[in-house]
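Okay, so here's the structure we're looking at.
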Amino acid sequence: MIEFLPFHLKDKLYEIKFDSNNIVSKIVSYFVLSEQEKQTISSLIKNEFFDEFYSIFSDNVTDEEWNKTKDQIRKKFNDELLDIDKLTKS
């Protein structure tokens, strides 16, 4: 399913979860997706009523801001997750 998403949308997603029938059940992005992006994704997954969009950060960022900072954001996010994981295993 996600192979049908254009790169500019896939790039903004952190995770896509599927139910037992292999149907998209939840989409998590780094930042809040625009309504147009949500509509595009819903259309591409062939579920116009899909409404399970979540974001890690609550900020709205422009495409320009995202493209400038995405590598730093991903690295920081992954580093912090790894730090949390190390703390819980100690």
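Counting heavy atoms of the protein chains only and a 1.4 Å probe, report the per residue accessible area for the chain as a whole number of Å².
Numbers: 6660 Å² over 90 residues.
Per residue, the chain has an accessible area of 74 Å².
With everything on Cα atoms, drop me the angle between helix 35-44 and the longest principal axis of the chain, reported from 0 to 90° to the nearest 10.
70
So who's got an amide H within less than 5 Å of the one on Ser25, skipping anything under 5 residues away but keeping other chains? H placed 1.01 Å off N, in plane.
The answer is Lys17, Phe18, Asp19.
How are the Cα pair distances of the chain distributed, in percent, across 5 Å bins from 0?
3, 12, 22, 23, 16, 12, 8, 3, 1
Could you work out the helix-only [θ] at 222 nm for the chain, with each DSSP H run of four or more residues adding -39,500 (n - 2.57) and the total divided by the number of residues, to the nearest 500 deg cm²/dmol?
Dividing the helical sum by the residues of the chain leaves -14500 deg cm²/dmol.
For Val61, which sequence-distant residues (separation of 5 or more, or a different chain) have an amide H within less than 5 Å of its own amide H, given hydrogens modelled in the peptide plane?
Val32
List, in the order given, every pair from Lys38/Lys75; Lys12/Lys68; Lys26/Lys70; Lys12/Lys76 whose Cα-Cα distance in the structure shown is over 23 Å. Kindly include the intermediate steps, with their values, before the conclusion.
Working: Lys38/Lys75 25 Å; Lys12/Lys68 13 Å; Lys26/Lys70 21 Å; Lys12/Lys76 15 Å.
Over 23 Å apart, Cα to Cα: Lys38/Lys75.
Looking at the chain, send over the antiparallel percent of its DSSP beta bridges, to the nearest 5.
Working: 5 of 8 bridges.
So the antiparallel bridges amount to about 60 percent of the total.
For the chain, calculate the relative contact order in percent as a whole number, restricting contacts to Cα pairs under 8 Å that are 6 or more residues apart.
Numbers: 74 pairs, mean separation 20.4, N = 90.
Rounded, it is 23 percent for the chain.
Only Cα pairs under 8 Å and at least 6 apart count here; give the relative contact order of the range 23-66 as a rounded whole percent. List each step's numbers first, then the result.
On the way: 40 pairs, mean separation 23.9, N = 44.
This gives 54 percent for the range 23-66.
The values are calculated or read from the model by the stated rules, or taken from the named source; none is laboratory data. Fair warning: this is a prediction, and the values are worked out from it, not measured in the lab. Quick note on the areas: whole protein, heavy atoms, side chains included, nothing else; ligands and nucleic acids left out. Shrake-Rupley method; radii C 1.70, N 1.55, O 1.52, S 1.80 Å.
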